[in-house]
1. So what's the convex hull volume per residue for the Cα atoms of chain B, in Å³?
2. Which whole number in µm²/s is D for region A:5-117 by Stokes-Einstein, with the Kirkwood Rh taken over Cα pairs at 20 °C and 1.002 mPa s?
3. How large is ³J(HN,Hα), in whole Hz, for each residue of region B:161-176 in order, when computed from phi with the Karplus curve 6.51 cos²θ - 1.76 cosθ + 1.60 and θ = phi - 60°, using x for Gly and Pro?
4. Identify, among A:9, A:27, A:80, the residue whose Cα sits farthest towards the positive end of the charge dipole of region A:5-117, taking +1 on the Cβ of Lys and Arg and -1 on the Cβ of Asp and Glu, with the dipole about the Cα centre.
5. Within region A:5-117, how many lysine pairs that are 8 or more places apart, or on different chains, have C-alpha atoms less than 24 Å apart?
6. Using the Cα centre as the reference, give the magnitude of the dipole from point charges on the C-beta atoms of region A:5-117 (Lys, Arg: +1; Asp, Glu: -1; all else neutral), rounded to the nearest 20 debye.
7. Sum up the lysine pairs in chain B that clear both bars: alpha-carbon distance under 29 Å and a spacing of 8 or more or different chains.
8. Using the Cα centre of the protein assembly as shown as the reference point, and only Cβ charges (+1 on K/R, -1 on D/E), how large is the resulting charge dipole? Debye, rounded to the nearest 20.
Amino acid sequence: MVTVVPIYTGLSHITGQIGGLLLLSMHRENHDLHLDHKLYRDPRDRLSEIEGNLDTISPPKEAKLHFWAIVKAVGTLRQAIDRMERIAATKDAERCDQITADLIRRLHKVHALLRFTANPDAGLTSTDFDNTCCNCTGHAHHHESIKLGVHT
Amino acid sequence: MVDYSIHVLEYARTLNYPKAALVYGAFDDEPVTMPFSYVLLRGRGHVALVDVGYAHRDHGKYLANKYHIENWRSPQVVLAECGVAPEDVDTVFITHAHFDHFGNVEDFPNATFYIQREEIERWTWVLSLPDRMRWMTASIDPGDILRAVDLSAEGRMKLLDGDIENAIPGIDLHIAKDSHTYGSMWVSVRNNQGRHGEDIWILPGDLVCQFENVKMDGSLIDVESMYNPGAQTVGSYTNIVLAIEEMMKLVEYDERRIVPVHEARLADHFPSRITSEGLTISEICLADEEDSVVSPARVR
């Protein structure tokens, strides 16, 4: 059995990561990004890892719709990463703007799919509230992680 | 001359909050009520906010229920107490990217937003890290970053590289790297025609959450008082203390000029009132010829 929580969290984080990269690139001017820390992971590699984990999952009947949304989010994120690469390779400013607009739409689509799939009580939430300021209230809370069957 | 009216506007609160989370080492202190607030600045032709709170949409309701946040009210309701609509806000300074400060940009359709580039860059890095380091991503909603992208596409997002003087007239922005967050920002208001060293107020974001962060009893170490940082940080306590020293120097060591927004006792120090929605408005100062919004003014 594996839990879908790391997959969900990973997709949410990759979405934020690509959004952050896009935001920084929109304001890049003469600044270099300082993301070359040895722990920094490329969104492409992370997504490939998630795709690999998804392939091992066989969702129960009641989770089919949610699973479909997650698979759809993965595909859309892959397209978003592809658009990022196209932006980097495009010299034409107008074309660059078009691709950027398309990329933003795709990121929002992923975000909407993740919202649709969210189940905070099961730990499927796009915001890491576990360590938030407002969580320090001494009220224990436990996730009942969604378990999905795995092909072995 | 006083240029800007400054009001701290509570928009939600949580009860029974551990003091030790707000004041390092206060493990034996009674829990406190922690307000969530933003700051309204009005003057010199501008309507500005320091932070925007979070939206009670999507996961907002979950957040409220799960973590006992009470009495959330929209900016429309909160700002109306000062005769302001969200549409009137032209400038927003985001002190840091936590959801309760950066989580409601959509409600301000005409504002230009300022945030430190360092804050976005380091969060982008943190979001790439393995799950075992997930603690570092606390309080971040990737959806907020997407909304910042939208703002940027509309030309309403400014990424700053460090300190800025006169972001709008008389208002300066200061970075405190690797402190409460990676690129936290604090705001100083030079409230006497922008003169340096006169009538300055500091809006510290979460670099100062409670009065004790700036003025703690120092008898234990044989000093009258000392700085004592808040306990929730992804950066360095040292950098928080250094930022507080910088703030204090600017206000000539008058700690009353540093205004913490997670501090329920503001109402004990400044004229304040409770609105019909049960939220507190604290009037830090009034611009010349402006009417009080807490009248009849009273300190609790």
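1. Numbers: hull volume 39.9 nm³, N = 300.
In chain B, the Cα hull volume divided by residue count equals 133 Å³.
2. On the way: Rh = 15.1 Å.
It comes out at roughly 142 µm²/s.
3. 10, x, 6, 9, 9, 6, 4, 10, x, x, 10, 10, 10, 10, 9, 10
4. Farthest towards the positive end: A:9.
5. Numbers: A:61/A:72; A:64/A:72; A:64/A:109; A:72/A:109.
Lysine pairs meeting the criterion: 4.
6. Working: 17 positive and 15 negative charges, 83 e Å.
The calculation lands at about 400 debye.
7. For chain B, qualifying lysine pairs total 10.
8. Numbers: 44 positive and 67 negative charges, 363 e Å.
About 1740 debye.
Each reported figure results from applying straightforward, stated rules to the coordinates on display, with no laboratory input. All of these numbers come straight from a predicted model, not from anything done at the bench. Counting neighbours? That spans all protein chains shown, and the Cβs are built from the backbone with ideal geometry, glycine included.
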